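The values are calculated or read from the model by the stated rules, or taken from the named source; none is laboratory data. The structure presented is a predicted model; accordingly, all values stated were derived computationally and were not measured. As a convention, Cβ positions derive from the backbone with ideal geometry for all residues, glycine included, and neighbour counts pool all protein chains shown. With ligands, DNA and RNA removed, areas are computed over all heavy atoms of the protein, side chains included. Shrake-Rupley method; radii C 1.70, N 1.55, O 1.52, S 1.80 Å.
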Amino acid sequence: MIKVVGLVLHPRRDCGSAINAIVSWAQSRGVTVLGLHDEITRIDCDAVAVSTEEMVERAGLLVSLGGDGTMLRTMRLVEGRKTPVLGVNVGRLGFLAEVDLPDLAGALSSIDEHKFTIESRTAVRTVLPDGKEVSAFNDIALVRVPGDGLAHVGINVEGSNFVRYAADAVIVATPTGSTAYSFSAGGPIVSPNVEGLLVSAAAAHSSFNRSLMLSPDEQLELDVAATSGRLAIEVDGIIQGYAAPGDTLRIIPVPAAAQVIRFGRTSFYERARRKLRVEGSAQVGGGDPGDAVVVDSFENSRYEVVLGGEIAGMLHYRRHGDAVELAHTEIDQAFEGRGLGGRLASAALRDARRRGTPVKVSCPFVIGYVERHDEYSDLLETT
């Protein structure tokens, strides 16, 4: 029985409704909800603000509220522990989050009823040239610094040199990270349940440009050649240090470094198919329009309508003092003709009413929508 739940929040997205749902669920069951000081103090909620160390020590379940970046950060917090992580997607589609925001209530009920499974995720670890140890659940990459030379990196397996890549970047990915940087470099999609390491080169200038799939038992080292430029070391997409010619990074896989909750409602392959828009998939553009959800992606100044796990359209806005200008609506071609533009317009107008915000409309679609729905005309700013 879970007695303490810890929350990890996206630094900018509005997680208020998700937090309220979790706190309400927890209070009815006598469960304590913890949050990190810097994250919880900016939100009016009943979660208890604690340090990272206390939350990791006390929580029997961590809930990640955000996207893939928040999920990766949450997994790193509990690396090596048995604490399960539930990923809740707040906003855009991600590969790692298990449930979308509208499905959170059902997910909490499934946890009550023990209708879930736990899957392990592999991490990858190295020691930077400055002695700092770092871990990643997606990838560690040696990336060319703009203005410097190519990444000339030797791939040593079991103590022997196999190949030297000359490329814009050399990426060592976990199976979880196969759909991230490695995929953009032409690497394969790998089930997250596979154990191993995937080595790929981005924009390879060498004659050999194939990816390698290594066993977690095989020793892997990356040697920065004397001909290489200075390289940034990205850990899950964040620069953590730099490597110079002559440096060597030993890459160590860490099987079962984190545990994630799965409900089995969607598979990894369904999420991959939708996000990567795999051609020939009948499900791309699918979903019942009644299930569409609109979220305010305020860091991008737009409302997004999400259907079937995909961003189906968006309504861009601009702030002008106390007023908001609804500037442009666009719907993905695969989702046209389902009334999603109207869902965006009505959601934006209702949000303005709730906040008491005057509205300017320059988007032709929204202008037409307001003309057909005069219940919103009182919101429009008069000049």
Task: Any hit, the stretch 68-75, residues being surrounded by fewer than 21 Cβ atoms within 10 Å (Cβ to Cβ) and out of contact with any Ser or Thr (no Cβ under 7 Å at 6 or more places or on another chain) - done: yes
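Pick from ALA167, ALA202: which is touching a Gly at 6+ places or on another chain (Cβ under 9 Å) and of a type in the set (A, V, I, L, M, F, W, C)?
Numbers: ALA167 fails: touching a Gly at 6+ places or on another chain (Cβ under 9 Å).
Step by step, each of ALA167, ALA202 is checked, and only ALA202 is touching a Gly at 6+ places or on another chain (Cβ under 9 Å) and of a type in the set (A, V, I, L, M, F, W, C).
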Open item on the list: Considering only residues that are surrounded by fewer than 19 Cβ atoms within 10 Å (Cβ to Cβ) and assigned to a strand (DSSP E or B), which ones fall in the stretch 139-155?
Closed with: GLY154
- [ ] Mind listing whichever residues of the stretch 1-40 are open to solvent by 70 Å² or more (accessible area, probe 1.4 Å), farther than 23 Å from VAL295 by Cβ and not in a helix (DSSP H, G or I)?
- [x] MET1, LYS3, SER28, ARG29
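Residue-wise test of (1) at pLDDT 95 or above; (2) out of contact with any Cys (no Cβ under 6 Å at 6 or more places or on another chain); (3) farther than 27 Å from ALA272 by Cα; (4) among the charged types (D, E, K, R).
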{"position": "HIS152", "(1), (2), (3), (4)": "yes, yes, yes, no"}
{"position": "VAL172", "(1), (2), (3), (4)": "yes, yes, no, no"}
{"position": "SER191", "(1), (2), (3), (4)": "no, yes, no, no"}
{"position": "LEU198", "(1), (2), (3), (4)": "yes, yes, no, no"}
{"position": "SER206", "(1), (2), (3), (4)": "no, yes, yes, no"}
Task: Answer from ALA169, ALA136 - the residue that is closer than 24 Å to LEU61 by Cβ and buried (at least 17 other Cβ atoms within 10 Å of the Cβ) - done: ALA136
Open item on the list: Restricting to the stretch 315-346, and then to whatever is part of a loop (DSSP other than H, G, I, E, B) and in contact (Cβ under 8 Å) with a residue 12 or more places away in the chain, can you tell me which residue is farthest from GLY290 (Cα to Cα)?
Closed with: ASP322
- [ ] Sort out which residues of the stretch 41-65 are among the small types (Gly, Ala, Ser) and surrounded by 15 or more Cβ atoms within 10 Å (Cβ to Cβ), and write them in order of number.
- [x] ALA47, ALA49, ALA59, GLY60, SER64
TODO: Please identify the pairs in which a residue from the stretch 166-179 that is within 20 Å of PHE208 (Cα to Cα) has its Cβ atom under 7 Å from the Cβ atom of a residue that is among the basic types (Lys, Arg), counting only partners at least 6 apart or on another chain.
DONE: ASP168/ARG144; ALA169/ARG144
